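To start, the structure under review is shown below, and the notes come after it.
The values are calculated or read from the model by the stated rules, or taken from the named source; none is laboratory data. Please read these numbers as outputs of a predicted model, since none were measured by experiment. All Cβ positions, even for glycine, are placed from backbone atoms using ideal geometry, and neighbour counts span all protein chains on display. The protein model used for the area step is the full one, side chains on, heavy atoms only, and it has no ligands, DNA or RNA in it. Shrake-Rupley method; radii C 1.70, N 1.55, O 1.52, S 1.80 Å.
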Amino acid sequence: MEKLIESLNKICAGAFEAAGYDAAYGRVNLSNRPDLCEYQCNGAMALAKAAHKKPFDIAQEVLLKLKDHEAFAKAEVCMPGFINLDIAPSYLSSYLNRMEEGEELVQESCLISHSADGENGVQSYALPPMPALGLSFTEKPETIIVDYGGANVAKPLHVGHLRSAVIGEAIKRMGARMGHHMIGDVHLGDWGLQMGLIIEELKDRQQTDFTIADLEEIYPAASKKAKETDADGKLTPAAESFKARALHSTSLLQNGDPECRKIWEHIMELSLKDLKKNYDGLDVYFELWKGESDAQKYISEMIADLEKRGIAYTSQGALVVDVQEPGDTKELPPCIIRKSDGAALYATTDLATMVEREQFYGPDSYIYIADLRQNLHYTSFFRVARKSGIVRPEEKLTFLGFGTMNGKDGKPFKTREGGVMRLSVLISDITDKVYEKIRETRSEEEIPEAEAREIARMVGLAAIKYGDLSNQASKDYIFDIDRFTSFEGNTGPYILYTIVRIGSILNKYFETTSRETLSGALANAKADGKLRLSEAGGKSDKALSLLLARYNDVLAGAWEELAPHKICQYIYEVSNAFNSFYHDTKILAEPDEEKKRGYIALLAMTKAVLESSIEILGFSAPERM
């Protein structure tokens with residue numbers, strides 16, 4: 001469906017053309033002075049020099065062509081040549097009706113669900129069908145791989161994994177909602193030195209059986225053993241010996257040693273089960289559960305090809321590829337593909353993973369989500385991928401770097417003891433905090449224990465995700481549990497409370513209203529199938545309607561910029577506008593039934609917009625709070 005701003009652009013472009021000017025100057029913008037007007041056209045200002053006329057005179061000529069157009073309740077010129085516009089309530093209600101009349105968007109077709117190799121194929125996770133609300137699928141759907149996991153096996157997820165998971169899931173859902181084929185890959189760290197360390201530690205302990213709880217203690221102990229230093233800061237002989245053994249075991253594993261492979265497979269079985277449980281707790285789902293180990297079989301051939309074609313060369317014993325390009329403002333070091341001791345690096349496995357992805361999925365583009373401080377790594381291996389022809393020239397490679405999540409002291413978020421906090425502990429702490437707030441106002445008689453716990457889980461998840469996503473991804477932010485769990489202000493719980501409040505009003509309305517002739521998610525809020533705004537043009541209901549009309553424009557813009565925070569900003573504005581309308585209007589007590597039906601319809605659409613938006617952000621609302 002055409003965006004409201006596009007409709008206004010066409011109208012004003014036609015007015016400029018009718019006045020004898022280039023239609024391109026008829027571009028309309030959302031007003032940054034809502035006290036003066038709702039929309040504004042500044043084309044006369046830009047045109048004045050070329051037309052050799054005063055902008056005010058040009059604007060007056062254009063205004064004559066806009067006069068009495070059904071789209072505008074007000075169209076006037078303001079010095080020195082701005083055209084200020086207010087939308088007519090009838091035109092706005094007509095637009096909202098067209099938004100509501102669209103069919104549901106069903107996402108099942110938007111996610112690839114085939115097996116890549118018969119062992120570790122794609123698991124399909126589909127967004128639930130939602131009202132289209134004016135949003136249309138893209139005319140050119142792409143297959144897009146989103147790499148947003150990066151957790152290491154044999155370790156629990158910690159708060160450092162939160163941002164990539166939350167941002168990545170939102171980006172994937174945004175793309176799916178626009179109609180693209182989205183594939184999320186967890187891309188596990190499952191093949192490096194940590195495996196050799198664990199294997200050797202198990203041998204030292206003569207431990208043949210172990211649990212995930214054992215691994216959580218074994219790996220830190222092994223890592224510490226390999227890093228022990230003497231008074232001069234040098235590795236102790238014991239540490240050097242242990243590390244050498246670990247490196248040897250890593251090599252044996254990567255070369256198919258049966259004993260090492262058996263241990264590794266047990267580690268993977270335990271770790272994957274634990275990781276999936278933790279990601280499920282975040283409502284984060286991956287279509288691919290691949291790891292660095294899956295890329296291993298592609299490395300030798302890839303390196304041989306780079307050498308054969310003269311792209312890679314030996315420097316100080318290491319195999320490197322030059323990535324410096326004309327126009328770079330600073331010098332970029334060569335990308336190391338293989339270390340002097342023959343070991344692979346992250347760049348090696350990332351490139352080999354691309355080889356596999358190209359072979360099985362043939363994506364149109366990639367989105368990598370990781371710490372902003374890894375920018376050099378992604379710049380380097382992207383350039384190698386292009387230089388070597390691993391990816392096609394037209395494929396888009398995007399690195400979305402995120403800032404750090406900090407505590408109130410401005411430093412990376414830690415436990416009270418100063419250690420790295422487990423993600424499961426953070427989720428539990430947030431959930432308990434929300435549960436306490438619920439019990440402060442609602443007794444067990446009002447909300448039974450099991451329901452209260454489930455509400456706390458849903459609201460806690462909203463607090464975590466919204467608290468993260470409402471910040472621009474590239475920026476650092478302060479994780480403040482007290483603020484994020486507040487039911488007031490720009491928080492996830494506030495958004496959910498608004499949705500629950502709307503649901504409560506709708507339920508009360510339908511308790512006394514027959515639904516026999518009503519059908520559909522929004523149609524049951526209307527008596528004649530039409531959404532009516534008050535002809536009196538109430539300020540608060542019109543302000544809410546104007547925001548709802550921007551839904552498809554906001555989502556399209558957020559996807560184009562890979563900016564979930566813009567959806568957060570939008571639903572916060574919608575929630576504020578609804579609550580202003582709610583406080584200004586006697587909705588259920590309105591004596592005029594036609595006007596009341598219009599109010600109810602507006603509430604139903606508001607609820608649909610908010611619910612669709614938070615689904616994209618990766619959380620949902622309870623029935624009550």
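(1) over 30 Å from A132 (Cβ atoms); (2) without any contact (Cβ under 8 Å) to a residue 12 or more places away in the chain: which one isn't true of D22, the others all being true?
Every condition holds for D22 apart from (2).
Based on this model, can you work out whether F578 counts as in contact with a Phe, Trp or Tyr (Cβ under 8 Å, 6 or more places away or on another chain), at negative phi and either at pLDDT 95 or above or buried (at least 22 other Cβ atoms within 10 Å of the Cβ) (or both)?
Working: in contact with a Phe, Trp or Tyr (Cβ under 8 Å, 6 or more places away or on another chain): no; at negative phi: yes; either at pLDDT 95 or above or buried (at least 22 other Cβ atoms within 10 Å of the Cβ) (or both): yes.
No; evaluated as a whole, the condition is false for this residue.
What residue, of Q359, Q374, is free of Cβ contacts under 8 Å to residues at least 12 places away in the same chain and either in contact with an Asp or Glu (Cβ under 6 Å, 6 or more places away or on another chain) or polar (S, T, N, Q) (or both)?
The conditions single out Q359.
Within region 161-177, does at least one residue satisfy the condition of being modelled with pLDDT of 90 or more and part of a loop (DSSP other than H, G, I, E, B)?
Checking region 161-177: not a single residue is modelled with pLDDT of 90 or more and part of a loop (DSSP other than H, G, I, E, B).
Could you look through region 269-290, keep only residues that are out of contact with any His (no Cβ under 7 Å at 6 or more places or on another chain) and open to solvent by less than 20 Å² (accessible area, probe 1.4 Å), and pick out the one that is farthest from V355 (Cα to Cα)?
Filtering region 269-290 for residues that are out of contact with any His (no Cβ under 7 Å at 6 or more places or on another chain) and open to solvent by less than 20 Å² (accessible area, probe 1.4 Å), the one farthest from V355 (Cα to Cα) comes out as L282.
How many residues are modelled with pLDDT under 90 and either open to solvent by 30 Å² or more (accessible area, probe 1.4 Å) or part of a loop (DSSP other than H, G, I, E, B) (or both) when one looks only at region 600-625?
Of the residues in that region, 0 qualify.
Restricting region 293-326 to residues that are under 30 Å from E269 (Cβ atoms) and of a type in the set (A, V, I, L, M, F, W, C), which is nearest to the chain's Cα centre (by Cα)?
A295
Among the residues of region 35-45, which ones are without any contact (Cβ under 8 Å) to a residue 60 or more places away in the chain and more than 15 Å from A15 (Cβ to Cβ)?
Within region 35-45, D35, L36, C37, M45 meet the criteria.
Please give the helices (runs of 4 or more DSSP H) falling wholly within region 404-497 in which 1 or more residues are surrounded by 14 or more Cβ atoms within 10 Å (Cβ to Cβ) and at pLDDT below 95. Before the answer, list the steps.
Values: elements: 423-441, 449-469, 481-484.
Once the helices (runs of 4 or more DSSP H) in region 404-497 are filtered for at least 1 residues that are surrounded by 14 or more Cβ atoms within 10 Å (Cβ to Cβ) and at pLDDT below 95, what remains is 423-441, 481-484.
Among the residues that make up region 129-140, is at least one of them buried (at least 19 other Cβ atoms within 10 Å of the Cβ), modelled with pLDDT of 85 or more, β-branched (V, I, T) and farther than 15 Å from V609 by Cα?
No, region 129-140 contains no residue that is buried (at least 19 other Cβ atoms within 10 Å of the Cβ), modelled with pLDDT of 85 or more, β-branched (V, I, T) and farther than 15 Å from V609 by Cα.
Would you confirm, using the coordinates I've provided, whether Y25 is at pLDDT 95 or above, crowded, with 17+ Cβ neighbours inside 10 Å, part of a helix (DSSP H, G or I) and hydroxyl-bearing (S, T, Y)?
Working: at pLDDT 95 or above: yes; crowded, with 17+ Cβ neighbours inside 10 Å: yes; part of a helix (DSSP H, G or I): yes; hydroxyl-bearing (S, T, Y): yes.
It is true that Y25 is at pLDDT 95 or above, crowded, with 17+ Cβ neighbours inside 10 Å, part of a helix (DSSP H, G or I) and hydroxyl-bearing (S, T, Y).
Answer yes if at least one residue in region 395-411 is without any contact (Cβ under 8 Å) to a residue 12 or more places away in the chain and more than 27 Å from P363 (Cα to Cα), and no otherwise.
yes
Given the conditions (1) part of a loop (DSSP other than H, G, I, E, B); (2) open to solvent by 10 Å² or more (accessible area, probe 1.4 Å); (3) hydrophobic (A, V, I, L, M, F, W, C), and given that V355 satisfies all but one, which numbered condition is not satisfied?
It fails just one condition, (1).
Take the conditions in contact with a strand residue (DSSP E or B) (Cβ under 6 Å, 6 or more places away or on another chain) and open to solvent by less than 50 Å² (accessible area, probe 1.4 Å) and apply them to Y378. Does it pass?
When the stated conditions are applied, Y378 passes them.
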